4 protein chains.
Amino acid sequence: MHLPRLRPTPYAPGNQIQKQGKRVDIKVGVDAIAEASKKLSNWGRWGESDQIGTLNFVTPVQVAAAAKLVKKGKVFGMGIPLDGRGPQTATGFGGRWNPILTMLATGTDCISERQGFGSLGGYADDAIYMPVQAATHWDSLGHVFYQKKTYNGHDAGLVDSRGCSILGIEHTRDRMVGRGVLLDVARFKGIDALDDGYGISNDELDAVAGKQGVTIREGDFVIVRTGQMERCLKANAWGGYAGGNAPGVKFENCYWAHRHSIAAICSDTWGVEVRPNETSETQQPWHLVVIPAMGLTMGEMFFVKELAEDCAADGIYEFMFAGPPLVITHGTGSPINPLAIK
Amino acid sequence: MHLPRLRPTPYAPGNQIQKQGKRVDIKVGVDAIAEASKKLSNWGRWGESDQIGTLNFVTPVQVAAAAKLVKKGKVFGMGIPLDGRGPQTATGFGGRWNPILTMLATGTDCISERQGFGSLGGYADDAIYMPVQAATHWDSLGHVFYQKKTYNGHDAGLVDSRGCSILGIEHTRDRMVGRGVLLDVARFKGIDALDDGYGISNDELDAVAGKQGVTIREGDFVIVRTGQMERCLKANAWGGYAGGNAPGVKFENCYWAHRHSIAAICSDTWGVEVRPNETSETQQPWHLVVIPAMGLTMGEMFFVKELAEDCAADGIYEFMFAGPPLVITHGTGSPINPLAIK
Amino acid sequence: MHLPRLRPTPYAPGNQIQKQGKRVDIKVGVDAIAEASKKLSNWGRWGESDQIGTLNFVTPVQVAAAAKLVKKGKVFGMGIPLDGRGPQTATGFGGRWNPILTMLATGTDCISERQGFGSLGGYADDAIYMPVQAATHWDSLGHVFYQKKTYNGHDAGLVDSRGCSILGIEHTRDRMVGRGVLLDVARFKGIDALDDGYGISNDELDAVAGKQGVTIREGDFVIVRTGQMERCLKANAWGGYAGGNAPGVKFENCYWAHRHSIAAICSDTWGVEVRPNETSETQQPWHLVVIPAMGLTMGEMFFVKELAEDCAADGIYEFMFAGPPLVITHGTGSPINPLAIK
Amino acid sequence: MHLPRLRPTPYAPGNQIQKQGKRVDIKVGVDAIAEASKKLSNWGRWGESDQIGTLNFVTPVQVAAAAKLVKKGKVFGMGIPLDGRGPQTATGFGGRWNPILTMLATGTDCISERQGFGSLGGYADDAIYMPVQAATHWDSLGHVFYQKKTYNGHDAGLVDSRGCSILGIEHTRDRMVGRGVLLDVARFKGIDALDDGYGISNDELDAVAGKQGVTIREGDFVIVRTGQMERCLKANAWGGYAGGNAPGVKFENCYWAHRHSIAAICSDTWGVEVRPNETSETQQPWHLVVIPAMGLTMGEMFFVKELAEDCAADGIYEFMFAGPPLVITHGTGSPINPLAIK
């Protein structure tokens, strides 16, 4: 029997980009992951039943201080639009698709008096279907496993077809508020966007902070700007944005994040860390440490153009951050429209 | 041909609850709607191309002032969980359903080494399908029509199967921040929850504000607590919550909202206004004025229990409000997890 | 943190109906399942790479003979409608929901000339979202596991979040045609519908066939009528139809199906076999044998009222059967509208 | 406010292909459509309440005769697989997408003993989300409008956000059985596939039938093979298959279909009729006549490779046809896996 369909695209993410070049630090690999996982582990640090990891660094003190950063009353929405023109492509990672909006009631129905209100009233309604990580989003701590374990030592099997019975995004519903800091690496280097494959070192992050006159503090929501998203939008083509090559932090960043006790790290890329991977031994080595070992919250695909322009203009790179997730029970993450408020 | 299915449930919302009793004020009806639509119209007030109505009342001044209300650094998430146990019922309004979460990758797949990472790594992923108004949400200004027109005088036909080509929720992406005020009507009356059908008058809202020691100001996000949601949760049964009878503001509230130049009104009920409707001439008369004529943003199904308890405890009913919508292109609204920050 | 949602309904199917009464044959249980799985195994019978099990009994000879049964040219569609009034309930099995239809383009859009064709033309379009087993459907052989194995000895882990990499319904695309036989047990007993919990014995099936004057042959598609669906439709309430108690075949039926070398067994119930289960040691003991050990195709929720009336009228209980599945790649089954042609 | 998304793709189908060249017959256009709509109208022919149009040509006589065509007992499934590798592209027609399958329960969950059955049993389950016309499908008679009217004179507004309140696909549930005839135009011309833009004339259809030794009769399900789908599959790229250029019947085919009183016309292309359109005055002129005026059932994207090879081998181009739609209440069509049985 001949099945009339196209040949399959590869299942595993990023197969096509494993051929990394000179950028690879040969020390990055399974051993480095194992070492970092051990050294940076936060398992048990906030109790056995902890569900939120490094978000524990944010206390009411930080929230109150963050609010004091609001001076101008200017708000920046960092969510990208949810529609069919998002970054997912047909052959993209993990079978994700762009958000689909369908209407349940329309103004045209109202015009045709199909809603039972005669000519007086009427309404429109709609529904959305989307992978929770198909646009600007948080990863929950149940999103990534290392050696078949989640953050805080749970069996990965607790995340089954019913979702994250532990570490779901719902546990963070009132925890995504604090001090935000933008580290504008592209602007620091005087370019529009870092090249794909460019790895941001810990030293460079510190240099950017230094030049910007901002200090990273415990409980910060750190946003790293590479310019990659803006490059895609300018070109009117996402290309390999979702799952392909990208600039991003180096593997060593897990040590930086740990040292600074940050609450979360976010970027304008699909996966925060540099791609191609710095090793051929596995995919996304940094992910395998920061989520399962550290319980670090990660935000991806942030639209930071407007915020970055404002920070460059007034020289102030710290702000109040408010990025509430949807309360998706057992979710591996949530689409968001996070706010920077200056 | 016999089609083997159950008989249909009625299309029009609330047919079963039109038999309203002594609660009906006979002055509420099509004439009152017409009069209020004329008197309270904001069409053209912020220009012909305005997409956000009363959110224009919130300026950087209000945002900056709102941030100053943060003292304790305490955050309240007001979104209800998105899962199958939401308020929608099989025979409910408009064919809406409770959020459906399906997994795209699981920890059990990882355990069985089905993800191409061997025993080293793994991930989980999921997707959500939901009506945008099936849980805590904003209505966009494209959600309701009066005499086949939207806010600012557009033809309702501009909202078609492709969504709100005008007045979609995406226009509010950076506008849902400001001063929040809780008006705890149930606590004011010394009860757990107002009865279904109880209409909150303008005088009563003012009395609540007075007793609470809070003044309503231009650009406020006003949240009215009836206690209805908490009653349902305590009973472990939503009953007619979605589209049935409820306590809520009287029709006259449109004049109150206009007089105070508020940015938005929200409540812990499905539809903010009292049900059964105060008239038998149409459905939801207050909606027909505040959205199409005034361009008033409306938030529904807010979970306010924790916030209300805190306000009662410290006597402070004002706070910073941050309720960013998802940037749903052409959406009639957005599911949200709005924050109150004190 | 208090999550404002209703308390969960139980995950496992049928928890509420495990309290079976006098109907339980104590011989049914894990031992009986193990014994039948061994005795009735078809593993390897049609080769190691076989994907369709007992459908192999249907050869071109049977198909050609089946066509000869068509005399009157009368067609019966046995699919129930796909819409919101289907059997699934909020607390039903496995999180399934009733089919959701949403429009992508409408006639009202056309009326309002929103489609770019002016007043000349226009179109309507729609999309459907449904569990493949939420209405009349086939189970694929990848649907049920016994001791973590599928039919033909595969590891259950081959059915992951990407679906049935083996034994998916797509393999049956041109195999669901042959001789159909209706066994109208309810009519045999002179009643409208068998009671829930009534177990149909092998002897009774043979008695029904005998009285009807029909012989079961190799490769038959056998349809068992209990009358349960018609009872629900008459009452305009599905009640516990989906996953609750039901009349159906006894566990011993696996031996009957094996002895007759039938291609498939179908019924007008949710799960073919009697519920409550005949044992408290596990759920759906008959399923655990017929799918994993025998590779027997199963059809559920068939609407047989019209067919049964016709058979009773002309006394002919055999017919041509054509029930093509949708070619759902890796599907655990497919919604269908199977045809009986007399 | 800058919305960070790609620029929109055009809404109207086929904008990019309106620049037709020498192929255009200037007589095809709005006048020709009007004339044919009048001459070929079947409104009222089968009563005012008729919902199925030309399917009325199929009576029990035809069904019984069709069954007699089955000689070899060979079955051909003509549905293409429903998965992410279907013909829809990101910029394709009408916002349609390829079928999305998500799992509700998996074998990996079973392996990890997450289903409440211990090590004994387990199951897999899944759901599908797809536009009903995204793969092999029937159009219902509510799918296309002409001058804001449907077949049999209904107002197009009766097809609203709730679907086809008239002329939905559910009305055809037991009518899609009869005599099938393959007209293999590509093979007739001795080529693998007709070129895109090649218009098949009525004379050519008759010539093909003549050469094949088959006569078109009242009530036939006619399947036209162009070879286009096979060309795409061989190239492993759908290209513009969905909504782009294609070979197909000329506008004049509506007269041919009418003269022969066929029940349905099907093809291996996206839209049966030739593209680019034969006129620049509107889109898909043939559709505007055959559905609204004639009530002709149309089947699209049929996979006919195997059937065509068999017909070429044995010289027999007639067969029993069984293509039951899903009983999608109010559907504009249905995905199908239609069968040819020889």
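Taking a probe of 1.4 Å, how large is the accessible area per residue of the protein assembly as shown, in Å²?
Here the residues of the protein assembly as shown average 31 Å² of exposed surface.
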Calc'd 3J(HN,Hα), segment C:195-212, phi into Karplus 6.51 cos²θ - 1.76 cosθ + 1.60 (θ = phi - 60°), Hz, glycine/Pro = x, comes to 6, 4, x, 6, x, 8, 7, 5, 4, 5, 4, 5, 5, 4, 4, x, 5, 6
Along the Cα→Cβ direction, 7 angstrom out, place labels at A:ALA312 and B:ARG45. What is the inter-label distance in nm? 3.8
D:MET176 neighbourhood, Cβ < 13 Å, K/R = +1, D/E = -1, net charge -1
Using only DSSP helix segments of four residues or longer, with each worth -39500 (n - 2.57), what per-residue ellipticity at 222 nm results for chain C after dividing by its residue count and rounding to 500? -5500 deg cm²/dmol
What's the average, rounded to a whole number, of partner chain beta-carbon atoms within 10 Å of each residue's beta-carbon in A:175-182? 2
Contact order relative to length for segment A:31-165, counting C-alpha pairs under 8 Å separated by 6 or more residues, stands in percent at 22
Taking loop as defined by DSSP and a crowding limit of 16 other beta carbons within 10 Å, which trypsin sites (Lys or Arg not before Pro) in segment C:39-108 fit? C:ARG45, C:LYS68, C:LYS71, C:LYS72
For chain B, built as a Gaussian network whose Cα springs stay under 10 Å, the top-fluctuating residue of B:ALA65, B:ALA207, B:ALA124: B:ALA124
In a Gaussian network model over chain C where Cα atoms closer than 10 Å are linked, find which of C:LEU233, C:LEU69, C:LEU104 has the largest mean-square fluctuation. C:LEU104
Cβ-vector label at 7 Å, B:ASP206, separations to other copies in nm: 6.3, 8.6, 8.8
Charge tally in the Cβ shell below 13 Å around C:TRP43, where Lys, Arg are +1 and Asp, Glu are -1, C:TRP43 excluded: +2
Interchain or sequence-distant (5+) residues whose placed amide H lies within less than 5 Å of the amide H of D:VAL144 are C:ALA124
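Once you keep just the Cα pairs under 8 angstrom separated by 6 or more residues, what percentage relative contact order results for chain D?
Relative contact order of chain D: 31 percent.
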GNM on chain C, C-alpha springs below 10 Å: top fluctuator among C:CYS311, C:CYS110, C:CYS164? C:CYS110
So, relative contact order of segment C:199-303 in percent, Cα under 8 Å, 6 or more apart, is 32
Calculate the dipole size of segment D:202-318 relative to its Cα centre from +1 charges on Lys and Arg beta carbons and -1 charges on Asp and Glu beta carbons; express the result in debye to the nearest 20. 220
Cα centre as origin, Lys/Arg/Asp/Glu Cβ charges: segment C:172-229 dipole, Debye: 300
Take every DSSP beta bridge with both residues inside segment B:213-342 and express the antiparallel ones as a percent of the total, to the nearest 5. 35
For D:LYS250, counting only lysines whose alpha-carbon sits under 18 Å away and dropping same-chain residues fewer than eight positions off, the answer is D:LYS19, D:LYS22, D:LYS27, D:LYS39, D:LYS189
Computed from every Cα-Cα pair in chain A, P(r) in 10 Å bins starting at 0 and rounded to whole percents is 5, 24, 34, 23, 9, 4, 1, 0
Can you report the principal axis dimensions of segment D:28-106 using only the alpha carbons, biggest first, rounded to whole angstrom? 52, 44, 27
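Taking a quarter of the surface of the Cα convex hull of the protein assembly as shown, what do you get in nm²?
48.4
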Near C:PRO324, within a Cβ-to-Cβ distance under 13 Å, what is the net charge of the other residues, with Lys and Arg +1 and Asp and Glu -1? 0
Using label points projected 7 Å from each Cα along Cα→Cβ, tell me how many nm separate B:ASN236 and B:ILE191, to one decimal. 2.5
Quick check: convex hull over the Cα atoms of segment B:275-342, volume per residue in Å³, rounded to an integer? 137
Over all directions, the average projected area of the alpha-carbon convex hull for segment D:104-152 comes to how many nm²? 6.0
Between the alpha carbon centres of segment D:245-315 and segment C:161-183 the gap in Å comes to 30
Carbon-plus-sulfur fraction of the accessible area of segment A:200-342, 1.4 Å probe, in percent? 48
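The values are calculated or read from the model by the stated rules, or taken from the named source; none is laboratory data. These figures come from a predicted structure and were not determined experimentally. So basically every Cβ, Gly included, is an ideal-geometry build from the backbone, and we count neighbours across all protein chains shown. What goes into the accessible areas is simple: the full protein's heavy atoms, side chains included, and nothing from ligands, DNA or RNA. Shrake-Rupley method; radii C 1.70, N 1.55, O 1.52, S 1.80 Å.
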